[in-house]
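These notes concern the structure reproduced below.
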Amino acid sequence: MKLPAAALSAALAACTLSAAPAFADEALAKAKNCTGCHVLDQKRVGPAFKDIAARYAKQPGAVDKLIGKVLNGSVCEWSVVPMPPNKYHVNESEARELVQWILSTNPDGSGWAKAGTPVGCTPKLN
Ligand code: HEC
């Protein structure tokens, strides 16, 4: 059997193209130091990106809400540990790109379990 080289390289090109946007936004998260506190699938200082995606999956208005949180900071959504404002090194369109990428990491919301009541905060986990 003969494998057409053109078909193979077309398949590879398609793969590379479809993976590109995710890499681009992961690179942005790294460049903006989000990855100093967040990783994709484990809690660090902040919640895992996949848990954020799961929690807000299919919630109308989530993108705009989270853009505000990224820019202005957040506390008591997940725990008493605050996220400082990022607006000094992240502009609104970068924040939008980052939030859309974060939400795309778990679009069907699988695996989301309420993490319990954050001590010292009014619980907001939903
Ligand atoms: C100094 C550590 C730190 C850095 C840097 C950081 N975060 Fe966070 N992030 C946190 C913590 C802690 C929380 C949980 C805050 C809370 O409980 O309200 C959080 C929460 C979030 C949330 C969820 C907010 C909510 O309302 O549920 C998003 C989205 C987010 N971060 C995105 C980002 C992005 C994008 C960046 C980079 C521009 C970033 N974070 C940088 C620590 C950080």
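What follows draws every value from the coordinates through simple rules; no lab data is involved. Predicted model, so just to flag it, every value in this text is computed and none were measured. Methodologically, a virtual Cβ is constructed for each residue, glycine included, from the backbone with ideal geometry; neighbour enumeration extends over all protein chains shown.
Remarks
- Difference of contour (0.36 nm per residue) and Cα-Cα distance, residue 33 to residue 58: 6.3 nm
- Each Lys or Arg adds one and each Asp or Glu subtracts one; over the other residues with Cβ under 9 Å from the Cβ of residue 71, this totals +1.
- Our coupling estimate for the range 97-110, obtained by passing each phi through the Karplus curve with A = 6.51, B = -1.76, C = 1.60 and θ = phi - 60°, is 4, 5, 5, 5, 5, 4, 5, 6, 6, 7, x, 9, x, 6 Hz, Gly and Pro reported as x.
- Distance between the 7 Å Cα→Cβ label points at residue 89 and residue 121: 2.3 nm.
- Ranked for footprinting exposure by Cβ neighbours inside 10 Å, fewest first, 56, 88 give 88, 56.
- Counted charge near residue 92, where neighbours are those whose Cβ lies closer than 14 Å (Asp, Glu -1; Lys, Arg +1): +2
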